């Protein structure tokens with residue numbers, strides 16, 4: 001019986017030594033940490049910060065508001081100057097429009113006066129033309145009388161009963177009547193021409209110009225109206241240009257005086273570098289977020305184990321206090337003193353880690369676990385080659401233990 005007990009104790013001792021020595025020489029990491037990439041939210045403008053997310057560890061979704069920045073001290077002198085110029089041009093355009101209205105009313109008055117004058121002048125010329133034609137008819141009648149008297153005088157002179165003096169007087173009277181008729185005809189032609197010109201708006205005469213005062217004023221006002229029309233169009237064009245510049249300046253001011261900062265990643269708030277209500281400078285770091293879609297495991301191994309690894313090498317990862325084992329692959333061999341590799345990661349390396357050789361492992365199955373999808377900072381062990389315990393675990397798992 002004593003021999004049996006001694007034999008059993010020897011077996012247990014040898015088994016324990018096998019496990020201890022096997023685990024010591026097994027390919028496992030000294031430490032392994034769940035890590036992820038850091039995203040930094042920076043201030044695009046200067047201003048007072050209002051944080052929408054205020055607690056460390058708060059979960060955030062892509063597109064979620066992180067903070068608002070408002071700058072009430074932004075210089076708006078250019079916008080004020082553009083608005084002042086626009087108001088000035090609008091006043092000038094209104095002034096030109098008011099002057100146009102006044103000149104149009106004055107022109108309408110002179111145009112009405114011109115129409116009245118033209119009608120009166122045409123009536124006057126028609127009356128004078130009728131008088132001239134009546135005088136022409138009278139001259140024609142006197143010419144016929146003078147010609148008859150001349151014929152009778154010639155007959156009497158041929159018979160010798162008429163003196164030569166009477167004959168000459170009859171001839172002179174006939175010539176005078178003929179010239180009077182010609183003068184009446186020319187007067188009638190002159191008035192006919194004057195009437196035709198008056199009907200077209202041109203008035204001819206000896207004591208006045210070709211156009212009356214009202215006609216001249218209408219032409220002057222038409223010229224001034226054309227100038228005011230061009231001036232008003234110029235002011236309106238300047239107003240339209242200034243309005244476009246004002247709209248662009250307002251967009252620029254809105255972009256530089258207020259900003260809403262959102263996250264492009266799904267993760268959680270890792271650190272706040274500014275307090276709510278504090279004034280931030282342009283480009284200043286405000287909030288650090290962990291991108292949970294970039295989960296990795298960083299581990300430190302011995303040099304001998306490191307030299308046996310390569311990119312794509314299959315490994316297993318198990319968290320401390322958790323029986324689940326996850327498959328992974330080696331994605332980066334950082335070597336010793338890999339401080340710079342952690343500049344953009346959530347969890348930095350410890351002093352002991354930097355004394356070993358850094359290895360980065362991708363474990364995609366972690367993100368599929370609800371409780372581990374963003375388990376930044378959790379520690380465990382990476383198994384590069386199986387030891388006695390892992391072999392026993394697989395054996396027991398295979399048979400349902």
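The values are calculated or read from the model by the stated rules, or taken from the named source; none is laboratory data. From a predicted model like this one, the values you see are computed outputs, not experimental measurements. FYI the Cβ positions are ideal-geometry reconstructions off the backbone, even for glycines, and counts take in every protein chain you see.
With respect to residue 22, is the statement that it is surrounded by 13 or more Cβ atoms within 10 Å (Cβ to Cβ), modelled with pLDDT under 95 and touching a helix residue (DSSP H, G or I) at 6+ places or on another chain (Cβ under 6 Å) true? Criteria met by residue 22.
Taken across the stretch 154-170, residues that are in a helix (DSSP H, G or I) and either within 60 Å of the chain's Cα centre (by Cα) or closer than 30 Å to residue 215 by Cβ (or both) do not occur at all.
Give the residues of the stretch 48-72 that are touching a strand residue (DSSP E or B) at 6+ places or on another chain (Cβ under 8 Å) and part of a loop (DSSP other than H, G, I, E, B), sorted by residue number.
The first filter runs over the stretch 48-72 and keeps only residues touching a strand residue (DSSP E or B) at 6+ places or on another chain (Cβ under 8 Å), leaving 48-60, 63-72.
Answer for the stretch 48-72, where residues must be touching a strand residue (DSSP E or B) at 6+ places or on another chain (Cβ under 8 Å) and part of a loop (DSSP other than H, G, I, E, B): 52, 53, 54, 55, 56, 57, 58, 63, 64, 71, 72.
Evaluate the following for residue 172: is it without any contact (Cβ under 8 Å) to a residue 24 or more places away in the chain and surrounded by 13 or more Cβ atoms within 10 Å (Cβ to Cβ)? So residue 172 does not fit the description; no. Against the criterion of being under 30 Å from residue 123 (Cβ atoms) and either modelled with pLDDT under 85 or assigned by TED's automatic domain parsing to the domain that holds residue 117 (or both), residue 170 does not qualify.
Please verify whether the stretch 153-163 includes one or more residues that are modelled with pLDDT under 75, under 30 Å from residue 125 (Cα atoms) and surrounded by 13 or more Cβ atoms within 10 Å (Cβ to Cβ). Checked against the condition, which is being modelled with pLDDT under 75, under 30 Å from residue 125 (Cα atoms) and surrounded by 13 or more Cβ atoms within 10 Å (Cβ to Cβ), the stretch 153-163 yields no hits at all. Restricting to the stretch 127-161, name every residue that is closer than 19 Å to residue 184 by Cβ and either touching a helix residue (DSSP H, G or I) at 6+ places or on another chain (Cβ under 6 Å) or not assigned by TED's automatic domain parsing to the domain that holds residue 173 (or both). Answer for the stretch 127-161, where residues must be closer than 19 Å to residue 184 by Cβ and either touching a helix residue (DSSP H, G or I) at 6+ places or on another chain (Cβ under 6 Å) or not assigned by TED's automatic domain parsing to the domain that holds residue 173 (or both): 128, 129, 132, 133, 135, 136, 139, 140, 142, 143, 146, 147. When residue 43 is tested against (1) touching a residue at least 40 places away in the same chain (Cβ under 8 Å); (2) surrounded by fewer than 16 Cβ atoms within 10 Å (Cβ to Cβ), just one condition goes unmet, and that condition is (2).
In the condition set (1) surrounded by 12 or more Cβ atoms within 10 Å (Cβ to Cβ); (2) at pLDDT below 90; (3) part of a loop (DSSP other than H, G, I, E, B), residue 274 is compliant with all but (2). Note on the stretch 237-270: residues that are surrounded by 14 or more Cβ atoms within 10 Å (Cβ to Cβ) and in contact with a strand residue (DSSP E or B) (Cβ under 8 Å, 6 or more places away or on another chain) total 12.
Within the stretch 298-389, considering only strands (runs of 3 or more DSSP E) that don't extend past its boundaries, which have at least 2 residues that are at pLDDT 90 or above and closer than 28 Å to residue 56 by Cα?
On the way: elements: 314-319, 325-336, 357-362, 379-383.
Counting at least 2 such residues, we get 314-319, 357-362, 379-383.
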